[in-house]
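To start, the structure itself, in structure tokens.
The values are calculated or read from the model by the stated rules, or taken from the named source; none is laboratory data. All values reported here derive from a predicted model rather than from experimental measurement. Cβ placement follows ideal geometry from the backbone for every residue including glycine, while neighbour counts extend to all protein chains displayed.
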Amino acid sequence: MSGSVDYFKSPKRSAAIVSTNKMNPFVKKNFAAAASLVLLLLMGMGCRSEKTTGRNVLLITLDTLRADHVSAYGTDLAATPIMDDLAAQGILVENCYSPIPITLPAHLALFYSRMPHELSIYNNGEKFRQYKRLSLSEIFKSKGYDTAAFVSLGVLKKNIGVQEGFDLYRDDFRSERWYHTAEEINERVLPWVKTHADKPFFAWIHYSDPHEPYAPPDLEPDLMVSLNGEKVGEYCLQKHQIEELPIELNKGENILELTVVSPKLETQDEFHARFVLFELTSPNNPAALTTEIPDNWMIADNEKSTIHMPEKGKLILTSSQERLPAVFRFQGKLNLIKEENPVLYKREVEYLDRSLGQLFQELKDMGLWDRCLVVLAGDHGEGLGEYLTDTDRPHYGHLHYLYSPYVRVPLMFHCPWNKAKGITVKRRTSLLDVAPTVLTLMGWEIPLEMSGRSILDSSMPEQQDVQLETFVPQAYHDSISLIKGERHLILTPRLKKYEFYDLSREDIEKTDLFESLADTPEVKAMVEELNESAREVLTKKAQQAPEKDAREILRSLGYIR
């Protein structure tokens with residue numbers, strides 16, 4: 001491969017951690033001191049080198065957090081004073097990109113400093129086959145550190161292979177939901193930190209606010225349930241957790257009424273809520289209960305996998321017994337108008353920021369703050385309706401697209417023993433650079449197998465090229481893209497489509513310039529480079545039994561020779 005793709009496929013490089021030739025004297029002085037602390041990393045030998053006394057590390061990943069919703073990045077989309085202060089006291093990376101807008105492969109790319117396709121991990125839920133190199137957590141373990149992970153989303157459960165190098169991996173979840181709030185994660189992290197405060201430790205803390213569902217913990221109830229005219233419960237449907245309501249029915253006809261009551265959130269006109277779980281049962285006597293769903297509700301299919309209800313709905317429950325215990329189990333969300341999702345996303349970001357403040361204050365109270373390297377990194381971004389789907393509906397979420405809102409993420413470092421404070425790194429970087437930067441700040445060697453580079457390496461180019469990717473079946477299409485300078489070229493092979501964007505424009509990736517610029521030497525060269533990279537990535541993925549039509553598409557576009 002040529003050009004930018006070599007950065008992601010770099011086979012070998014010098015073991016020097018930092019090049020100081022072009023540094024200013026102030027930074028050069030500090031890195032010269034850091035270089036003297038370099039320890040030999042014994043890879044794969046099971047040996048442990050000396051501990052770095054008194055230096056602890058918190059790697060904090062912020063799932064689904066867009067860079068433009070952290071006010072340190074110069075926007076007012078959300079108020080994040082805690083993260084802003086961390087950036088002001090440490091190092092803010094202005095242009096960091098996730099290599100993939102999917103949680104599991106993005107995290108593995110961060111830990112191993114390799115592209116997801118190089119790790120043969122493409123989507124959430126896939127089993128990660130152990131990579132034959134040490135991850136960041138395994139390096140800390142090899143140095144004698146106590147290690148722990150605290151994850152807040154079910155897609156990061158250890159049974160899929162992300163637990164390597166951790167003494168403790170907390171991935172247990174409540175039965176009613178597959179996520180934890182930031183406060184719940186803090187309740188797990190802080191006791192562990194207190195019991196390990198006198199030892200060197202490395203902890204990975206994963207927060208999933210503001211991941212869907214957009215539901216900050218203080219969100220008001222939005223669904224009222226009444227039985228035979230008497231209120232029996234209020235719930236926050238928007239939290240998307242499984243609810244169980246025990247009820248007792250009279251013989252004959254009973255009316256169970258559901259009402260959407262959300263004064264601060266506006267819902268769509270026709271259907272106000274949708275259920276992905278909707279069960280009314282009498283466990284001890286199923287035959288004694290029948291349920292009639294109103295005609296003005298919409299059932300998506302015969303299996304009742306999705307049920308849409310208007311603002312109010314009355315279900316008729318008929319019991320053949322005098323007193324019949326029953327259970328109403330349900331899970332759903334509000335059908336919000338498009339303006340509401342960004343509002344809730346903002347509230348979740350601000351809640352996350354407050355929770356970080358609580359964590360940081362506890363560390364200060366324990367006397368650990370000045371001994372902790374704290375890394376904050378988003379794993380990917382989130383679409384908030386800026387782009388339309390193939391069916392011309394505003395898109396909310398991630399997975400599918402490689403535009404900046406989906407892949408540009410916050411990245412910052414607080415390093416008490418590094419005297420350079422309030423530094424902004426403007427060069428374009430990737431999550432692949434996180435592990436090398438952590439190792440540099442610890443004074444350790446960067447393994448040659450890591451593709452990334454320390455953001456503090458002065459030899460890094462000001463306009464580093466970045467490759468991005470996303471894959472079916474969770475994404476709509478396989479897509480590969482390349483950013484060079486202020487130019488972003490995206491290829492979607494199945495659609496036989498290229499897109500070309502000028503990132504210096506105010507509208508960023510809203511005006512596709514490919515058709516008008518396709519014959520220019522600059523774009524032709526990028527197309528050739530991206531084709532070569534995509535050919536390698538998708539051919540490797542194609543070895544996993546692709547469908548016949550997918551092979552034909554790869555062949556027709558030249559990805560299978």
Original post:
Is one or more of the residues making up the range 197-219 over 19 Å from the mean Cα position of the chain (by Cα) and β-branched (Val, Ile, Thr)?
Top reply: no
**OP:** For residues that are under 18 Å from Ile255 (Cβ atoms) and of a type in the set (Gly, Ala, Ser), scanning just the range 269-302, find the one that is surrounded by the most Cβ atoms within 10 Å (Cβ to Cβ).
**Re:** Ser282
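Can you give me the number of residues within the range 164-208 that are among the hydrophobic types (A, V, I, L, M, F, W, C) and over 27 Å from Tyr131 (Cβ atoms)? Break it down into steps so the answer makes sense when it comes.
Looking only at the range 164-208, we keep the residues that are among the hydrophobic types (A, V, I, L, M, F, W, C), and these are 166, 168, 173, 178, 182, 185, 189-190, 192-193, 197, 201-205.
Next, only the ones that are over 27 Å from Tyr131 (Cβ atoms) stay: 182, 190, 193, 197.
Residues flagged as among the hydrophobic types (A, V, I, L, M, F, W, C) and over 27 Å from Tyr131 (Cβ atoms) within the range 164-208 amount to 4.
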**OP:** Considering each of Leu352, Leu376 in turn, give the residue that is in contact with a helix residue (DSSP H, G or I) (Cβ under 7 Å, 6 or more places away or on another chain), in a strand (DSSP E or B) and either outside the structural domain of Val232 (by TED's automatic domain parsing) or modelled with pLDDT of 95 or more (or both).
**Re:** Leu376
Original post:
In the range 186-207, how many are at pLDDT below 95 and in contact with a strand residue (DSSP E or B) (Cβ under 9 Å, 6 or more places away or on another chain)?
Top reply: 2
Original post:
Just wondering, is there one or more residues in the range 459-475 that are touching a Ser or Thr at 6+ places or on another chain (Cβ under 9 Å), modelled with pLDDT under 95 and over 24 Å from Glu118 (Cα atoms)?
Top reply: yes
**OP:** Might you let me know whether the range 322-342 holds any residue that is among the acidic types (Asp, Glu), modelled with pLDDT under 95 and in a loop (DSSP other than H, G, I, E, B)?
**Re:** yes
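Give me the residue from the range 256-268 that is of a type in the set (Val, Ile, Thr) and touching a residue at least 60 places away in the same chain (Cβ under 8 Å) and, out of that set, surrounded by the most Cβ atoms within 10 Å (Cβ to Cβ). Break it down stepwise before answering.
Of the range 256-268, the ones of a type in the set (Val, Ile, Thr) are 259-261, 267.
Next, only the ones that are touching a residue at least 60 places away in the same chain (Cβ under 8 Å) stay: 260, 267.
On the way: Val260: 20, Thr267: 18.
Per the criteria, the residue is Val260.
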**OP:** Considering only the range 140-164, state which residues are touching a helix residue (DSSP H, G or I) at 6+ places or on another chain (Cβ under 7 Å), at pLDDT 95 or above and of a type in the set (Val, Ile, Thr).
**Re:** Thr147
Original post:
Pick from Glu248, Glu253: which is surrounded by fewer than 16 Cβ atoms within 10 Å (Cβ to Cβ), within 24 Å of Met298 (Cβ to Cβ), among the acidic types (Asp, Glu) and in contact with a strand residue (DSSP E or B) (Cβ under 7 Å, 6 or more places away or on another chain)?
Top reply: Glu253
Original post:
Taking the range 513-543 as the search range and keeping residues that are of a type in the set (Val, Ile, Thr) and under 33 Å from the mean Cα position of the chain (by Cα), which one is surrounded by the most Cβ atoms within 10 Å (Cβ to Cβ)?
Top reply: Val537
**OP:** Quickly run through the range 118-138 and pick out the residues that are assigned to a loop (DSSP other than H, G, I, E, B), touching a Phe, Trp or Tyr at 6+ places or on another chain (Cβ under 9 Å), closer than 21 Å to Asp63 by Cβ and in contact (Cβ under 8 Å) with a residue 24 or more places away in the chain.
**Re:** Tyr122, Asn123, Ser135
Subject >> Pair list, Cβ under 7 Å, 6 or more apart: the range 61-85 residue modelled with pLDDT under 95, other residue in a helix (DSSP H, G or I) and surrounded by fewer than 21 Cβ atoms within 10 Å (Cβ to Cβ) >> reply: Thr75/Asp68
Original post:
If you check every pair at least six apart or on different chains, which have Cβ atoms under 8 Å apart with a residue in the range 336-361 that is touching a residue at least 60 places away in the same chain (Cβ under 8 Å) first and a residue that is buried (at least 19 other Cβ atoms within 10 Å of the Cβ) and charged (D, E, K, R) second?
Top reply: Tyr345/Glu382; Glu348/Asp209; Val349/Asp209; Tyr351/Asp209; Leu352/Asp209; Ser355/Asp209
**OP:** Give the number of residues within the range 426-466 that are over 16 Å from Ser98 (Cα atoms), among the polar types (S, T, N, Q) and assigned to a helix (DSSP H, G or I).
**Re:** 1
**OP:** Looking only at the range 319-342, decide whether some residue is among the acidic types (Asp, Glu), farther than 23 Å from Thr259 by Cα and not assigned by TED's automatic domain parsing to the domain that holds His414.
**Re:** yes
**OP:** Please identify the pairs in which a residue from the range 206-231 that is within 25 Å of Val375 (Cα to Cα) and in contact (Cβ under 8 Å) with a residue 24 or more places away in the chain has its Cβ atom under 6 Å from the Cβ atom of a residue that is aliphatic (A, V, I, L, M) and in a strand (DSSP E or B), counting only partners at least 6 apart or on another chain.
**Re:** Tyr207/Leu62; Ser208/Leu153
Original post:
Does Ala87 satisfy the criteria of being in contact with a Leu (Cβ under 9 Å, 6 or more places away or on another chain), assigned to a helix (DSSP H, G or I) and closer than 19 Å to Lys540 by Cβ?
Top reply: no
**OP:** Would you please name the residue that is surrounded by the most Cβ atoms within 10 Å (Cβ to Cβ), looking only at residues in the range 216-238 that are aliphatic (A, V, I, L, M) and in contact with a strand residue (DSSP E or B) (Cβ under 9 Å, 6 or more places away or on another chain)?
**Re:** Leu237
**OP:** For the range 338-346, indicate whether the set of residues that are in contact with a Phe, Trp or Tyr (Cβ under 7 Å, 6 or more places away or on another chain), over 30 Å from Ile255 (Cα atoms) and of a type outside the set (S, T, N, Q) is non-empty.
**Re:** yes
Original post:
Of all the residues that make up the range 142-186, how many are in contact (Cβ under 8 Å) with a residue 12 or more places away in the chain, farther than 14 Å from Gln241 by Cβ and in a helix (DSSP H, G or I)?
Top reply: 9
Original post:
Could you say whether any residue in the range 324-342 is within 30 Å of Pro81 (Cβ to Cβ), among the hydrophobic types (A, V, I, L, M, F, W, C) and surrounded by fewer than 20 Cβ atoms within 10 Å (Cβ to Cβ)?
Top reply: yes
**OP:** Starting from the range 424-451, take each residue that is without any contact (Cβ under 8 Å) to a residue 60 or more places away in the chain and over 24 Å from Ile483 (Cβ atoms) and list its partners that are acidic (Asp, Glu) and crowded, with 24+ Cβ neighbours inside 10 Å, counting only C-beta distances under 6 angstrom and pairs at least six apart or across chains.
**Re:** none
**OP:** Test each condition in (1) farther than 20 Å from Lys312 by Cα; (2) of a type outside the set (Lys, Arg); (3) not in a loop (DSSP other than H, G, I, E, B) for Tyr214 and report the one that comes out false.
**Re:** (3)
